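Remarks on the structure that follows.
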Amino acid sequence: MKIVVLVKEVPDTYGERKLSLETGLAERGASEAVLDEIGERALEVALSFADTVPGTEIVVLSMTAESAAATVRKGLAMGASSAVQIADPALRGADLGLTAQVLAAAVQRTGFDLVIGGNLSTDGTAGVIPAMVAELLAVPAATGLSEVTIADASVSGVRVSDGATMQVTSPLPAVISITEALPDARFPNFKGIMAAKKKPFETLTLADLRLDADESGVARSIMVDIAEKPPRAAGVKITDEGDGGDRLAQYLVDNRLA
């Protein structure tokens, strides 16, 4: 079986996050760049299956800047068989439609039985890429899974909603996305880190995928305006002089908080 895992380099969740006031894009240099945790969990799902099914091929796939190669290689150190990175200057600031088209084209070129991704990244938090990729690949999508079981010809899992717990099953090939309910990813060990240096790592451009960022036929969204968030105003201090409760209640009503 061939499993493609979608991963992404993102700013460290615990680091500082900034948007450029000129471009509206995230300033990637404002904090340390890391492999998105939800992508690592998706990779762990694939690796856990490969642990029990010899011969499973796992490919980590990422659309990212060329400078992110070292981050993508972490997937190889964790145990993936190979890596594919799509790096093209024309993709800087790509919207969700273009991103999904590029990823789908790369998945199709690589070949797959199953595609696994996170339900949403920690930077964009759009939560739609796996479903969009499935649509473009014309295969079923099982999204937001908190449990996953992979079989020879199918994949199944549990999706939890506000009002119900659903058991979903799909034949392969398919695309699934997982939530943070899945186990933490394993840490790369020394053997894995050394082995990663010899594993296949392919870097592709839009030309390799026979795509054009401006003529792809996908609607493009652009940033038209951005402004820095104003500083937080000082709060209202209420000193209780016997009427504190009434004043607090009136404050909540005046600010439509009650």
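The values are calculated or read from the model by the stated rules, or taken from the named source; none is laboratory data. None of these values were measured; they are calculated from a predicted model. Glycine also receives a Cβ, built like all others from the backbone with ideal geometry; neighbour counts cover every protein chain displayed.
Brief remarks follow.
- Within region 124-233, strands (runs of 3 or more DSSP E) holding 1 or more residues that are within 23 Å of Ser81 (Cα to Cα) and in contact with a Pro (Cβ under 7 Å, 6 or more places away or on another chain): 154-160, 174-178
- If you go through region 32-46 and pick out every residue that is outside any helix (DSSP H, G or I), modelled with pLDDT of 90 or more and among the charged types (D, E, K, R), you end up with 1.
- Some residue of region 88-102 being of a type in the set (Asp, Glu) and touching a Pro at 6+ places or on another chain (Cβ under 9 Å): no
- Among residues that are within 19 Å of the chain's Cα centre (by Cα), at pLDDT below 95, of a type outside the set (Asp, Glu) and assigned to a loop (DSSP other than H, G, I, E, B), Thr23 is not included.
- So Asp113, is it surrounded by 19 or more Cβ atoms within 10 Å (Cβ to Cβ), charged (D, E, K, R) and over 12 Å from the mean Cα position of the chain (by Cα): no
- Close pairs (7 angstrom Cβ cut-off, 6 or more residues apart or separate chains): under 15 Å from Met194 (Cβ atoms) in region 65-77, acidic (Asp, Glu) anywhere: none
- Yes/no for Thr99 being in a helix (DSSP H, G or I), modelled with pLDDT under 95 and within 16 Å of the chain's Cα centre (by Cα): yes
- Test for Val107: is it outside any loop (DSSP other than H, G, I, E, B) and under 25 Å from Ala195 (Cβ atoms): yes
- Selection from region 79-93 of residues that are surrounded by 18 or more Cβ atoms within 10 Å (Cβ to Cβ) and in contact with a Leu (Cβ under 6 Å, 6 or more places away or on another chain): Gly79, Ala83, Val84, Ile86, Asp88
- Ala134 being touching a strand residue (DSSP E or B) at 6+ places or on another chain (Cβ under 8 Å) and of a type in the set (Gly, Ala, Ser): yes
- Total residues in region 32-90 satisfying the condition of being more than 14 Å from the chain's Cα centre (by Cα) and among the basic types (Lys, Arg): the figure is 2.
- Note on region 173-198: residues that are within 19 Å of Ser48 (Cβ to Cβ) and surrounded by fewer than 17 Cβ atoms within 10 Å (Cβ to Cβ) total 9.
- Selection within region 52-78: residues that are small (Gly, Ala, Ser) and either crowded, with 18+ Cβ neighbours inside 10 Å or modelled with pLDDT of 95 or more (or both). The member of this set that is nearest to Ala207 (Cα to Cα) is Ser62.
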